[in-house]
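Heads up, the thing below is written out as C-alpha cells.
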Amino acid sequence: MVSPQGPSTRVKDDYRSLAIYCDAVVISDVFPSADAGPTTSWGIVILTSVATLAMIVLTYGRARKRRQLAAEAASLLDAKATLREGEVVLTGVVEHADDHEVAVKVDVVQHGTESESSGSWSYSWLEVDRTIVVKPFYLVLADHTRIRVLAPSNVEVADALDQKVLITRSHRVLSAELIPGEALHVQGRLERGSILKPGGERGYRDEAYEWQLVPSHGRMLLSSEPLGRGLEERARFHRRYLIRSSCVFVVLQLLFANFYSRAVAPDRVVTVIDKQHVVSQDDDGDDVHDYHLTASIGTTSDQFDIDSDDFLRIEPGTDIVIRKGIFFGWDVGNKPTLFFMTVVMSLLLASLLPLLYLLRRTSTRPWFRRKVNNSGTGQLPGD
C-alpha cells in the first residue's frame, strides 16, 4: 500500500527545488556565519592540497637523487681499480708539492656581537669574509701512486674548521687546512698531465707524464670523510621531510573530510520555522550578536548559525537549502564551505611546513656550502 504522504511529499520537494532556482524570494545562498565562502573554501582546499603534494614530490625527488649520488660515489671509489681517465673518487693522503708549503686552506672571518636581556647574556659570531688558498699538491694512493691535484679556486673543502685564531674580542678567524699525511677523498676528473723538465722547458720524445686530478665540470670536492656519507645524511634529511609532508597531507584531508562529504551530498530543502537574535557579552563587556535559524528536518528540527545580512532576508516560512556532512551533520548552504578555524589550521600547516623545510635545508648544509654563523649563551671572550 502506498503511503498517503509519499506522493505529496515528493511533489512538495520538487516544487521547493524548482523554487530555489526560479524564485528570488527563496533563499538558496545562505551559508554558515563562521565559514568561508564556497569559492574561498574550494581555493583553500585546492591550494593547500596541491602545495603539500608538491612538497611530497620535491622531497621524494631530492632524497632519491642524493641516494643515487651516494651510490655513484661509492661505485667510483675502488682502491684496487686501474687508473684511467674520467670521473673518479680517489682516496689517499696529502703530500705538499716541492715548491709549496700549503695545499688548501680556507679562512672564515667572523664578527662577534653580544647582548643582555634580564641579566642573561647571549652572543653570536657571523661570517663576514672567506678566503681560500689553493696550491697544487699530491694525493698519495695506497699503492704509493702520486696523483697531482689541481684544485680550482672554488674548491669545496669538507674538512673540520678546527683552527681558531682570536684577533680581537669581536674578531676571529676559523680555518680548515689540509696537512701532509691527512687522509683525503677527492672527487674530480683524472687525466694524463705533463711535467716540465728541470730546465723549465717542455721536452718532446723524453717528456715525462704523470696522473693529475682536475675539476669536473668546474667543480672539485675534497673531503676528510667518505663522500657517500654526507650524501646519505642529506638523503635522510629529505626523507624526514617526505614523511612529514605525507603526514601533513593526510591531516589536511581529514580536516577537509566534512567539506568533501558536503560537496557530494544532495540538496535538501527545508522550511524555516523560527529565527532568533541572541545578544550576549564577552569578557570585556562588549555585546556579541548571534543569529540563528530553526528549520524543520523531517520530524525533528535543527538550529543553524547565519550572519546578520541573511538573518534580515529570511523570515519564518522561507525555504532554504541544507546539506549533510559526515562529521557535523546538517548545515545551511547549497555548496560546501570550510569552518574558519579549519581555514586557519590548513593554511598554517601548508605554509609552515615548506618554510621550516627551507630554513632547515639551509642551516643543515655543510659549512662549506653556507655562511658559518654561531650563537650561544654567555658573553664573548674577554680581552
Through the Karplus equation 6.51 cos²θ - 1.76 cosθ + 1.60, θ set to phi - 60°, convert the phi angles of the stretch 271-282 into ³J(HN,Hα) values in whole Hz; use x for Gly and Pro. 9, 6, 10, 6, 9, 9, 10, 10, 10, 10, 10, 8
Note to self: with every protein chain in place and a 1.4 Å probe, the chain gives an accessible area per residue in Å² of 58
Residues with amide H under 5 Å from that of N334, placed H, sequence gap 5 or more: V30
Given DSSP loops and a limit of at most 14 other Cβ atoms within 10 Å, what is the longest stretch of the chain that contains no such trypsin sites (Lys or Arg not before Pro)? 206-369
Of the residues P180, T168, G43, the Cα lying farthest along the dipole of the chain towards its positive end, which is defined by charges on the beta carbon of Lys, Arg, Asp and Glu, belongs to P180
How big is the stretch 284-381 on each of its three principal axes, counting only the C-alpha atoms and giving the largest first in Å? 78, 36, 22
Please build a GNM for the chain, connecting alpha carbons under 10 Å apart, and tell me which residue among E114, E232, E72 fluctuates the most. E114
When the charge dipole of the stretch 228-307 is computed with +1 on Lys and Arg Cβ and -1 on Asp and Glu Cβ about the Cα centre, the Cα farthest towards its positive end, among Q303, P266, L255, belongs to L255
Restricting things to alpha carbons, tell me how big the stretch 88-127 is in terms of Rg and Dmax, in Å. 20.2, 58
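Can you run the Rg to Rh ratio on the stretch 211-340? Use alpha carbon positions and the Kirkwood inverse-distance Rh.
Details: Rg = 28.6 Å, Rh = 20.1 Å.
Rg/Rh for the stretch 211-340 comes to 1.42.
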I'd like the carbon and sulfur percentage of the solvent accessible area for the chain, probe radius 1.4 Å, heavy atoms only, ligands and nucleic acids excluded. 56
Under 15 Å from K105, Cα to Cα: aspartates and glutamates that are on another chain or at least 8 residues apart: E95, D129, E156, D159, D162, E177, E182
Write out the GluC sites (Glu not before Pro) in the stretch 116-196 meeting two conditions: DSSP loop, and at most 16 other Cβ atoms within 10 Å of their Cβ. E182
Hydrodynamic radius (Kirkwood) for the chain, which is based on Cα pairs only, to one decimal in Å: 28.0
The stretch 283-297 - phi-based ³J(HN,Hα) in whole Hz, Karplus 6.51/-1.76/1.60, Gly and Pro as x: 5, 8, x, 7, 6, 10, 9, 10, 10, 10, 10, 10, 10, 7, 10
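What size of dipole, in debye to the nearest 20, comes out for the chain about its Cα centre when the only charges are +1 on Lys and Arg C-beta atoms and -1 on Asp and Glu C-beta atoms? Mind showing how you got there, number by number?
Working: 43 positive and 49 negative charges, 392 e Å.
For this selection, approximately 1880 debye.
The values are calculated or read from the model by the stated rules, or taken from the named source; none is laboratory data. What you see is a predicted model; the values in this text were computed from it and never measured. For neighbour counting, all protein chains shown are included, and Cβ atoms are generated from backbone atoms with ideal geometry for every residue, glycine included. These accessible areas exclude ligands, DNA and RNA; they are computed on the full protein's heavy atoms, side chains included. Shrake-Rupley method; radii C 1.70, N 1.55, O 1.52, S 1.80 Å.
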